[in-house]
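Heads up, the thing below is written out as C-alpha cells.
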C-alpha cells in the first residue's frame, strides 16, 4: 500500500478504476477477436446516427503487465462518441501472459477484426485512429511503424485477408527505445520510480522481452519502432510531460526526430509539456482533448 500511495501522489490522481458505462446506450462489450481470454474489445457508438462512424481505438497502459480495456484511462477518449466517433477499447495479452511480439499481434488482429465486422457495427473501415497511453502508446506507435509487415501481423489469430493499417495515431507518453531509457533519466536528473537493472529486479521492458536488456540488445532494437519508420508512417500527435519519472520525455523526442527524417515532413506534432508528469490529468482536460479531437478530425472526417 505504501508503494501505491506514492504512485498516486506522483501521478496526482487515483490509480485506474473500472468505468461505469450504463449511460452509454449503444455498446457491445467483450467481443472476442481471438481465442485467448484477453483478446477482447468493447465498442461504444454515438447515440444517434447510422454511421458508418470513424473509429478511435484506445490501448490502455500499465507497464506492459497491468491494465484493462474497461479501465478509467479510456474516459477522455470516450468523449469521442459525442463527436460522432465509434470508440473501441482493446485488450491485449500482458507480459505475464505472452512475450513480444505476441501482444502486438493481438492489436493487429483487433484492427483486422474491426474491418471484418465494420458493416455489422456501423464502423468506417477506412477511417481508423489508434490511440494509447504509456505502454498502450508504445503499441500504437509500433503498430503504425510496422503496418502490413507480415513479420508482425500475427495472421494466425484471424481475419488475415484484412489490413491492420491505421490512418492516424495519438501517442501519450509512450516509450520508444528501451535501451536508452536509463540514459535519458540520467540526462534529465529525475529519480526513477520503476525498477532499474541495478536493483536486480526485471524492468517492465525486460518482462515484456523475457530476458535482460544487456543480454539481448539485438532483440531490444527489434522492438524499437524507430527501426521500421518509413514514408508510410501515418500522421501522429505525441504528447509527453517533461518531468515524467516513468518514461523520460526524450523517448518522444527521438521518435519525433525519426519520423521527421524517415516518415516525411509535417507528419508529426510533438508537444513536450513543461511541469507535466506521467498520466498527468492535464492531458485529459477539455482544452487538451479539444486539441486531440481537432487533430483526429483533420484526418478522419
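No value in this document is a laboratory result; all are computed from the given coordinates. As the structure is a prediction and not an experimental result, all values here were calculated from the model. When we count neighbours, we look across all protein chains shown, and the Cβ atoms used for this are built from the backbone with ideal geometry, even at glycine.
Results, tabulated for the structure shown:
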{"item": "Fewest-first sequence of 121, 173 by Cβ atoms within 10 Å of each Cβ", "result": "121, 173"}
{"item": "Angle in degrees between helix 102-116 and the longest Cα principal axis of the chain, rounded to the nearest 10", "result": "20 degrees"}
{"item": "Region 102-141, Rg to Rh (Cα coordinates; Rh as Kirkwood inverse mean 1/r)", "result": "1.02"}
{"item": "Cα centroid separation - region 105-122 against region 248-301, whole Å", "result": "25 Å"}
{"item": "Peptide ranges 152-164, 48-60 listed from the most packed, as the mean C-beta count within 10 angstrom indicates", "result": "48-60, 152-164"}
{"item": "Taking only Cα atoms of region 97-166, radius of gyration then Dmax in Å", "result": "11.7, 34"}
{"item": "Per-pair calculated FRET efficiency, R0 = 45 Å: residue 25 and residue 254 via Cβ, rounded to 0.05", "result": "0.55"}
{"item": "Gyration tensor verdict on region 27-80 (Cα atoms; rounded if a/c is under 1.5, prolate if a/b is larger than b/c, oblate otherwise)", "result": "oblate"}
{"item": "Within the chain, helix-based [θ] at 222 nm, where runs of 4 or more DSSP H residues each add -39,500 (n - 2.57), nearest 500", "result": "-8000 deg cm²/dmol"}
{"item": "Between 0 and 90°, nearest 10: helix 2-11 axis offset from the chain longest Cα axis", "result": "70 degrees"}
{"item": "Distance in nm between pseudo-label sites at residue 155 and residue 301 (7 Å out along the Cβ direction from Cα)", "result": "3.7 nm"}
{"item": "Global form of region 198-292, assessed from the alpha-carbon gyration tensor, a/c cut-off 1.5", "result": "oblate"}
{"item": "FRET efficiency, residue 82 to residue 116 (Cβ-Cβ, R0 35 Å, nearest 0.05)", "result": "0.85"}
{"item": "Using alpha carbons only: equivalent-ellipsoid semi-axes of region 51-181, gyration tensor based, whole Å", "result": "22, 18, 13"}
{"item": "Folded to 0 to 90 degrees: helix 135-145 orientation relative to the chain principal axis, Cα", "result": "70 degrees"}
{"item": "Proxy reagent accessibility, fewest Cβ within 10 Å first, across 89, 191", "result": "191, 89"}
{"item": "Cβ-based exposure ranking for 27, 265, in which fewest neighbours within 10 Å come first", "result": "265, 27"}
{"item": "Percentage, to the nearest whole number, of Cα pairs in the chain over 30 Å apart", "result": "26 percent"}
{"item": "Mean separation of Cα contacts under 8 Å, 6 or more apart, over the residue count of the chain: relative contact order %", "result": "17 percent"}
{"item": "More than 15 angstrom apart: percent of Cα pairs within region 243-301", "result": "60 percent"}
